[in-house]
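Comments concern the structure below.
The values are calculated or read from the model by the stated rules, or taken from the named source; none is laboratory data. Predicted model, so just to flag it, every value in this text is computed and none were measured. Because the Cβ atoms are built from the backbone with ideal geometry, glycine has one as well, and the counts that use them run over all protein chains shown.
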Amino acid sequence: MTHEKNEEQKRANRLIDEKSPYLLQHAYNPVNWYPWDEEAFEKAKKEHKPIFLSIGYSTCHWCHVMERESFEDEDVAKVLNDGFVSIKVDREERPDIDTLYMSVCQAMTGQGGWPLTIIMTPDKKPFFAGTYFPKEDKWGRPGLISVLNQALEKWENEHDKIQRISDKITTILEPRLSASSRGELDKSSLNQAYERYLQTFDATYGGFGQAPKFPTPHNLMFLLRHWKLTGEEKALAMVEKTLDAMYRGGIYDHIGYGFARYSTDEKWLVPHFEKMLYDNALLAITYIEAYQATGKTFYARVAEEIFTYILRDMTDPEGAFYSAEDADSEGVEGKFYVWTPDEVKRILGETDGELFCDYYNISPGGNFEGKNIPNLIQQDLDTFHKKAGINREEWENKLSILRQKIFEQREKRVHPHKDDKILTSWNGLMIAALARGGKVLDRPEWIDAAARAKDFILEHLIREDGRLLARYRDGEAAFPGYIDDYAFFIWGLIELYEAGYQIRDLQNAAELQRRMIDIFWDSENGGFFFYGRDSEQLFARPKEIYDGATPSGNSVAALNLLKMSRLTGDSDFEKTAEEQMKAFAGDIQEHPPAHSYFLMALQFALYPTREIVIAGERNHQDTRDMIRAIHKMFLPQAVTLLNPAGETTDLTELVPFVKDQTQRDGKATAYVCENFACQSPVTELERLKKQLT
């Protein structure tokens, strides 16, 4: 390992050679950090020391707190450097390590979170787990120094016992993590999930359960489909209430757009201010689907604002998307985002400033540590223009000008740290979102942005042997891709195909789908492992099915497989999805609402589906009119193909069943097949609409 010889670099630890922004944040800690590599484990074995493993990510508020309190502290560093080999891991680069040891923490303590703190043997077997620790004992919470000293004392004096404990933990957890609970799924699981959402729904503020509240957009996507398939109006009402409440809250950045990660309170007022790429991608899709379902332009506008934020602030010059923005700036959580009335009035003047403060609830008393998070929780959006003494359209134009002035002033502040690494998985989600938004709202520039990101991944994040990689930063692509990388990127390719109908996108999706099955599939018990058979093998090879902040790779893969089967006619994809559903049926039945995206795949499997083929010349008006009409509709049980007339690239090689589905009488022709039966082809737009509605 090479290190520069200048004075500053002499104080750097081994993390200085890493690409991860999170690891680089710790490169000048007095702790002698190692990255996760064999050098660290060999040193621990040779010196008979336990491993101190700390896992976090660069925009994690409590990770920063623990760094300031402990990892920058000489006393803590001395204990760690003398008694341990210390390893830092970026959970976003190595979700395989994070998933495994987070499961350990949850099993040992009943809870989890970041920073994740693990103490383990040199052979990677854990015997202690926790999350954030202050430096010293405080409020009944043990301090890190106490924890470390106790661990060292037991390591020295009760070593055999420690070894037995760590062996027992891994022996118990290994089969739990990699097993799947087989069975058969039916519509009862869908109904149970819906009933549970009804029970936990917050009718006052939207969302489910109590604070803290996470957006979890796939819960809302499931409910939209449940409404569409069953006619349950309450399902749609829960979605609308939640989407409206989240937008009104401080979790939404009303000045610069985009959503924060979660709300610390029930009202969605006070966020944990970091913004993640995955949240904004999934929420954009949900708002777009709500627009399709209801026709309400408000939902389309929120999605447009999310994309404005992403394309302005989170897009690399080469087209891919950055990972996250921090909660903190200048060491203070939320400082970048909050306001006082005086600050606003200095920018806008007394009269307009008063109006702006009134609209966004910016008061002298404040709603967050003496300052204000702009929000619309109590605002009557339909009548506020009367206070301004103008009509609604004039008020919206005026508000846009005032907001832009505030935004431009905010841009002069010290910005939160931006994690500029490019993750294949999260880019897949944003590709899916932009492609969906572009096709529904007829915004080709969004489809182009999705295609640029796709091209970046194909150029920079696929090895010569075809293996998808997980992370790109500063010219380096690294880490064999995980199940999420494959599943989310395939999702993006499917959405991109259905937005622009470029055959190569569907070919890439099919090729990656087959590779994914080869690398991750459990041939004994079914389902996909989290990391590939060609990756570093840890003490267990877990399968993830829980749909948390993001849907699991298994859940997304299940729906991808079903859609790919319909799009290509390849029944092997559907058979794999069927096996997957049997493999995880027991897990799903135990608590259906925790698997909302997987339930979307189940909906697709159990309810009638449609294959819609438009045959016609790509750029002719009649073809475009048919495509546009389909894109406007909320058709979650449908897939669409374009069989383009007059093009040299032949779709029939990939999709044999379209061979005879060609245009009639020189006109664009629609073929709609539903539940394995095809209707008569139509060349009139109104007849197509009638077939679909």
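Worth pointing out:
- Condition met for GLU495 (assigned by TED's automatic domain parsing to the domain that holds PHE298 and buried (at least 19 other Cβ atoms within 10 Å of the Cβ)): yes
- ASP484 vs. criteria touching a Ser or Thr at 6+ places or on another chain (Cβ under 6 Å) and closer than 25 Å to LEU567 by Cβ: yes
- Count of residues meeting criterion [among the charged types (D, E, K, R) and closer than 17 Å to ARG413 by Cβ] in segment 346-386: 3
- Flag for PHE676 being aromatic (Phe, Trp, Tyr) and touching a residue at least 60 places away in the same chain (Cβ under 8 Å): no
Residue by residue, here is whether (1) crowded, with 17+ Cβ neighbours inside 10 Å; (2) in a loop (DSSP other than H, G, I, E, B); (3) at negative phi; (4) not small (Gly, Ala, Ser) holds:
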{"position": "ASP455", "(1), (2), (3), (4)": "no, no, yes, yes"}
{"position": "LEU458", "(1), (2), (3), (4)": "no, no, yes, yes"}
{"position": "LEU469", "(1), (2), (3), (4)": "yes, no, yes, yes"}
{"position": "ALA478", "(1), (2), (3), (4)": "no, no, yes, no"}
{"position": "ALA509", "(1), (2), (3), (4)": "yes, no, yes, no"}
{"position": "ASP534", "(1), (2), (3), (4)": "no, yes, yes, yes"}
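- In segment 280-297, the residues that are over 18 Å from PRO636 (Cβ atoms) and surrounded by 16 or more Cβ atoms within 10 Å (Cβ to Cβ): ASN280
- Residue selection: GLU393 satisfies the criterion of being surrounded by fewer than 24 Cβ atoms within 10 Å (Cβ to Cβ) and either at pLDDT below 95 or in the same structural domain as LEU559 (by TED's automatic domain parsing) (or both).
- Any chance GLY258 is free of Cβ contacts under 8 Å to residues at least 24 places away in the same chain and either among the basic types (Lys, Arg) or at positive phi (or both): no
- Every condition in (1) more than 21 Å from the chain's Cα centre (by Cα); (2) among the aliphatic types (A, V, I, L, M); (3) more than 30 Å from TYR197 (Cβ to Cβ) holds for MET516 except the one numbered (1).
- Matching residues in segment 311-360 - criterion: being surrounded by fewer than 18 Cβ atoms within 10 Å (Cβ to Cβ) and on the phi > 0 side of the Ramachandran plot: GLU330, GLY331, GLY349
- Check on LEU185, assigned to a helix (DSSP H, G or I), of a type in the set (A, V, I, L, M, F, W, C) and either surrounded by 15 or more Cβ atoms within 10 Å (Cβ to Cβ) or touching a strand residue (DSSP E or B) at 6+ places or on another chain (Cβ under 7 Å) (or both): no
- The listed residue being under 16 Å from ILE483 (Cβ atoms), part of a loop (DSSP other than H, G, I, E, B) and not aliphatic (A, V, I, L, M), out of TYR546, TYR597: TYR546
- Verdict on GLY209 being under 22 Å from the mean Cα position of the chain (by Cα) and without any contact (Cβ under 8 Å) to a residue 24 or more places away in the chain: yes
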